[in-house]
Amino acid sequence: MDRLVPPYIERLVAYVPGKPVEELERELGIKNAVKLASNENPMGASPKVLAAIAELGPTLGRYPDAAAFALREALAAHHDVPMDEIVVGNGSNELIDMACRTFVGPGDHAVIGNPSFVCYRLGLLAANVDFTEVTLRDNLSWDIDAMLAAVRPETRLLFLANPNNPTGAHVSATELARLLRELPERVVAVIDEAYLEFADAPDFASALTMRALHERLLVLRTFSKAYGIAALRVGYGIGTRPIVDFLNRVRAPFNTNSLAQIAARAALEDQAHVERYVALNRTERARVSAELTTLGYVVAPSQANFVLVDFAAPGKDVYEKLLRKGVIVRPLPPPLTNWLRITIGLPEENTRLLAAVRDLA
Ligand SMILES: Cc1ncc(COP(=O)(O)O)c(C=O)c1O
């Protein structure tokens with residue numbers, strides 16, 4: 001029979017999400033499992049989000065606002081940018097995919113980091129776009145010189161997560177500015193700031209403060225992490241009008257649903273909820289890192305809501321052992337096969353994790 005899909009689709013391996021709590025509880029017949037695998041907000045959504053969603057019932061028969069007008073208006077005010085410089089996605093993941101289908105095509109080339117967020121790779125593979133994966137310094141921190149050196153005449157797209165997932169490392173403001181300044185004009189730089197709210201290093205700065213340095217800049221943000229509405233899938237991008245205009249042409253109609261739009265607006269209004277979580281994350285990230293270090297493990301410095309830990313043993317085995325103790329963390333592909341990514345949870349969840357790790361020996 002003739003082929004069903006082109007060869008570049010045939011080679012794809014689907015994204016493997018963090019194991020859901022319900023799945024582990026079903027498999028092991030246990031209760032009270034703890035999920036520290038997907039960098040979600042352990043405090044959940046703001047009560048204001050829940051109230052806003054409850055009001056939406058009567059309008060569920062209608063399509064959502066395809067232009068997400070009210071949400072973009074709120075985001076424009078929040079960031080002090082014009083509304084037509086904002087594009088909203090079904091999670092920032094959708095915007096990553098859209099960037100791979102909008103700014104690059106056959107014969108073009110992209111630059112990404114490794115290890116970094118796996119969806120840049122998946123998006124480029126699915127779009128059949130050639131790309132270079134630039135190895136991070138010691139696999140852990142961004143190498144801006146190497147990113148710049150990987151740019152070829154055909155390069156038109158570059159992805160950089162700041163802070164990075166799964167390492168938690170950030171790029172200093174000076175280095176990020178240098179990247180944006182030195183990147184050839186034709187290249188669209190996508191700076192993914194999914195974990196920005198958790199970054200507290202004195203030399204961290206958002207690429208939004210550097211828009212003057214590189215015209216073809218798209219900054220991605222999400223409501224899935226600090227804002228606590230991962231289930232509803234809302235992310236957004238801020239870029240120049242042409243960047244947003246072309247993304248809008250590729251964007252599927254009604255890509256963000258009504259619940260998501262109204263919840264994101266309510267979440268944006270409740271900055272106190274975000275601040276409480278960010279403060280909790282800061283204290284708990286320090287505690288979990290210190291205790292794991294005391295236990296003899298290497299913990300990569302993190303600017304995010306997770307830590308990357310070297311277990312000096314196959315990560316899959318440690319992952320399985322922790323699963324049996326009801327704690328779900330995240331194993332990683334090469335070159336981080338001895339490392340696990342652990343989301344910072346509520347204090348009691350982190351205490352469960354630390355007890356389970358102590359029990360490993
Ligand atoms: C760096 C980074 N970017 C983007 C995303 C996607 O987030 P969402 O699609 O939920 O907005 C994630 C999720 O883990 C991430 O780690």
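Quick check on region 131-153. Is at least one of its residues outside any strand (DSSP E or B) and within 12 Å of the ligand (Cβ to nearest atom)? I'd like the intermediate steps shown before the answer.
Taking region 131-153 as the starting set, the residues that turn out to be outside any strand (DSSP E or B) are 136, 138-140, 142-153.
Within this subset, residues satisfying the condition of being within 12 Å of the ligand (Cβ to nearest atom) are none.
For region 131-153, residues outside any strand (DSSP E or B) and within 12 Å of the ligand (Cβ to nearest atom): absent.
If you check V190 against the conditions, is it within 16 Å of the ligand (Cβ to nearest atom), free of Cβ contacts under 8 Å to residues at least 60 places away in the same chain and outside any helix (DSSP H, G or I)? Please lay out each step first, then the result.
Working: within 16 Å of the ligand (Cβ to nearest atom): yes; free of Cβ contacts under 8 Å to residues at least 60 places away in the same chain: no; outside any helix (DSSP H, G or I): yes.
Spelling it out, it is not the case that V190 is within 16 Å of the ligand (Cβ to nearest atom), free of Cβ contacts under 8 Å to residues at least 60 places away in the same chain and outside any helix (DSSP H, G or I).
Consider T293 carefully, then state whether it is part of a helix (DSSP H, G or I), under 27 Å from A68 (Cα atoms), at pLDDT 95 or above and more than 15 Å from the ligand (Cβ to nearest atom). Working first, answer last.
Numbers: part of a helix (DSSP H, G or I): yes; under 27 Å from A68 (Cα atoms): no; at pLDDT 95 or above: yes; more than 15 Å from the ligand (Cβ to nearest atom): yes.
No.
Count, please, the residues in region 167-187 that happen to be open to solvent by 40 Å² or more (accessible area, probe 1.4 Å) and in contact (Cβ under 8 Å) with a residue 60 or more places away in the chain.
Of the residues in that region, 1 qualify.
What number goes with the only condition from (1) in a loop (DSSP other than H, G, I, E, B); (2) within 28 Å of K225 (Cα to Cα); (3) in contact with a strand residue (DSSP E or B) (Cβ under 7 Å, 6 or more places away or on another chain) that A205 does not pass?
(3)
What pairs come out if I take residues in region 83-95 that are within 8 Å of the ligand (Cβ to nearest atom) and pair them with residues that are open to solvent by 40 Å² or more (accessible area, probe 1.4 Å) whose C-beta lies under 6 Å away, six or more apart or interchain?
N90/R233; G91/R233
What are the residues in region 320-342 that are buried (at least 22 other Cβ atoms within 10 Å of the Cβ), out of contact with any Asp or Glu (no Cβ under 9 Å at 6 or more places or on another chain) and either within 16 Å of V298 (Cβ to Cβ) or of a type in the set (F, W, Y) (or both), if any?
If the condition is that a residue be buried (at least 22 other Cβ atoms within 10 Å of the Cβ), out of contact with any Asp or Glu (no Cβ under 9 Å at 6 or more places or on another chain) and either within 16 Å of V298 (Cβ to Cβ) or of a type in the set (F, W, Y) (or both), then V329, R341, I342 are the ones that fit.
Results for (1) more than 26 Å from I229 (Cβ to Cβ); (2) more than 18 Å from the chain's Cα centre (by Cα), shown as yes or no for each residue.
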{"residue": "Q271", "(1), (2)": "no, yes"}
{"residue": "N281", "(1), (2)": "no, no"}
{"residue": "A312", "(1), (2)": "yes, yes"}
{"residue": "G326", "(1), (2)": "no, yes"}
{"residue": "N338", "(1), (2)": "yes, yes"}
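Counting just the residues of region 216-240 that are within 9 Å of the ligand (Cβ to nearest atom), assigned to a loop (DSSP other than H, G, I, E, B) and open to solvent by 20 Å² or more (accessible area, probe 1.4 Å), which one comes out farthest from L259 (Cα to Cα)?
Here the answer is K225.
Of the residues in region 108-126, how many are under 13 Å from the mean Cα position of the chain (by Cα) and either within 11 Å of D192 (Cβ to Cβ) or part of a strand (DSSP E or B) (or both)?
4
The values are calculated or read from the model by the stated rules, or taken from the named source; none is laboratory data. Computed from a prediction, not measured in an experiment: that's the story for all the values here. Note that we place each Cβ from the backbone using ideal geometry, even for glycine, and neighbour counts take in every protein chain shown. Remember, those area values only see protein heavy atoms, side chains included, never the ligands or the DNA or RNA. Shrake-Rupley method; radii C 1.70, N 1.55, O 1.52, S 1.80 Å.
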